[in-house]
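> Let me begin by handing over the structure; questions about it come next.
Derivation of every value follows stated rules applied to the coordinates shown; laboratory data play no part. This structure is a prediction, so every number in the text was calculated from the model and none was measured.
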Amino acid sequence: MGTFHQGKSALHGITVVVDTTGAEIFVGRCDDEDERSVILLDVDVHREGDGGRSKAEYVARAARVGVWKKHDRVVIPRGQVASVRPLGEVAPA
């Protein structure tokens, strides 16, 4: 799975969903991940309840229509990460 660049994680280059232990969820292209952080490129972020949507509703919509980049690069500390999964594994709404 993923592109295999030396020194990068298996998810490098894959569009992923990073759920946090807080109100935010991120969708972006995984640049790298390690025990300290997850680094995403071309990132959209959603806060629980924004636009009247839950995190789950936002992710289902993102799986169906994609996302609109809000940030070039985001570094999410590993302690805030609840889960990381490829967006392609999410069933579209």
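> Can you tell me the length gained on complete extension of the stretch Thr21 to Glu57, counting 0.36 nm per residue apart and subtracting the Cα distance? Each step should come with its number before you reach the end.
Details: separation 36, 0.36 × 36 = 12.96 nm, distance 1.69 nm.
Separation in residues times 0.36 nm, less the Cα-Cα distance, equals 11.3 nm.
> Report the Rg/Rh value for the chain, based on alpha-carbon coordinates and the Kirkwood definition of Rh.
On the way: Rg = 12.5 Å, Rh = 13.1 Å.
Radius of gyration over Kirkwood radius for the chain works out to 0.95.
> Applying the Karplus parametrisation 6.51 cos²θ - 1.76 cosθ + 1.60 with θ = phi - 60° to the phi angles of the stretch 70-75, what ³J(HN,Hα) value in whole Hz is obtained for each residue in order, glycine and proline being reported as x?
10, 9, 5, 8, 9, 10
> On a 0 to 90 degree scale, rounded to 10, what angle separates helix 55-65 from the longest Cα axis of the chain?
The angle comes out at about 80 degrees.
> Same structure again: Over its Cα atoms, what ratio of radius of gyration to 2.2 N^0.38 Å does the stretch 43-86 give?
Numbers: Rg = 11.2 Å, N = 44, 2.2 N^0.38 = 9.3 Å.
The value comes to 1.21.
> Using alpha-carbon pairs under 8 Å, 6+ residues apart, how would you state the relative contact order of the chain in percent? Display every interim value, and only then the final one.
Working: 193 pairs, mean separation 28.9, N = 93.
Contact order relative to length: 31 percent.
> Given only helices, namely DSSP H runs of n ≥ 4 each adding -39500 (n - 2.57), what is the per-residue ellipticity at 222 nm of the chain, to the nearest 500 deg cm²/dmol? Write out the running numbers ahead of the final one.
Numbers: 1 runs with 11 residues, N = 93.
Value at 222 nm, helices only: -3500 deg cm²/dmol.
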